[in-house]
Amino acid sequence: MIKGEFFIMHYKFKKGFSLLEIILVLAIAAAFVIAGLYVYNKATTNYRTQQELKNINTILSGIHSLYTGTVGYKGLSNSVLMKAQVFPDNMLYEEATNYYLVQNTYKGRFTVSVNGSSSGGEVVWSAINMSTENIPTTDCTLLASAIYNSFGSNGALAGLSIDGNSIYLDMNDEYSNINFDLDKAANICNKGDSDIHNILLTFK
């Protein structure tokens with residue numbers, strides 16, 4: 001074989017990719033795409049969780065300011081807080097009727113109410129309830145944990161439940177207390193047929 005013929009054969013052999021090389025390139029590209037989606041989804045979940053936590057903190061601070069100098073939180077409701085402009089702007093949306101409703105970071109309902117307890121024949125409206133709905137399974141455990149870490153550690157949180165299941169309870173009666181259990185929260189968030197969940201917070 002002369003030198004020129006070898007060059008032509010070598011050029012023909014090298015001008016394309018083998019099937020193995022193509023599969024390898026596709027596999028690497030797929031790995032990058034999957035890794036990118038994972039990082040994006042995790043960053044999105046963290047952002048939504050922090051935004052929801054920030055809104056809850058803003059509302060709680062607004063309630064305390066609004067009821068300064070009063071005993072309890074009698075009459076506390078979404079309407080009262082809307083009139084007092086306590087809700088952050090990003091939580092309000094306007095219906096066709098020109099009436100503003102309150103939604104959370106996940107576009108689900110967000111409701112504030114109050115619980116009363118009898119003391120000396122009088123009802124004391126002392127417990128603040130916040131119900132945040134439509135929480136996706138991907139965010140449920142992280143949000144519950146973030147709420148407990150932010151408010152349970154400083155004694156502000158009296159109770160926390162997911163889909164009606166209590167995962168934290170801080171009562172005057174120590175025998176009724178429920179310590180926060182991350183595994184229990186995760187099990188509740190990941191069980192059942194529904195991909196969305198409701199979280200109820202009760203503040204002292």
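Taken about its Cα centre, region 63-164 carries a charge dipole of roughly 180 debye when the Cβ of each Lys and Arg holds +1 and the Cβ of each Asp and Glu holds -1.
Here each label is just a point 7 Å from Cα along the line to Cβ, and for LEU92 and VAL25 those points are 5.6 nm apart.
Rounded to whole numbers, the Karplus 3J(HN,Hα) couplings from phi for region 18-24 are 6, 4, 5, 5, 5, 4, 5 Hz, using 6.51 cos²θ - 1.76 cosθ + 1.60 with θ = phi - 60°, and x at Gly and Pro. When both region 125-204 and region 55-83 are represented by their alpha-carbon centers, they are found 21 Å apart.
Considering only protein heavy atoms and a 1.4 Å probe, what is the carbon-and-sulfur percentage of the accessible area of region 55-181? Carbon and sulfur together cover 48 percent of it. Each peptide in 79-90, 106-117, 125-136 was scored by the mean count of other Cβ atoms within 10 Å over its residues; highest first, the order is 125-136, 106-117, 79-90.
A 1.4 Å probe run over the protein chains yields, for region 61-204, 56 Å² of accessible area per residue, whole-number rounding.
The values are calculated or read from the model by the stated rules, or taken from the named source; none is laboratory data. Predicted, not measured: the structure shown is a model, and the values here were computed from it. A quick note on method: Cβ atoms are made from the backbone with ideal geometry, for glycine too, and the neighbour counts reach across all protein chains shown. Ligands, DNA and RNA are excluded from the accessible area calculation, which covers all protein heavy atoms including side chains. Shrake-Rupley method; radii C 1.70, N 1.55, O 1.52, S 1.80 Å.
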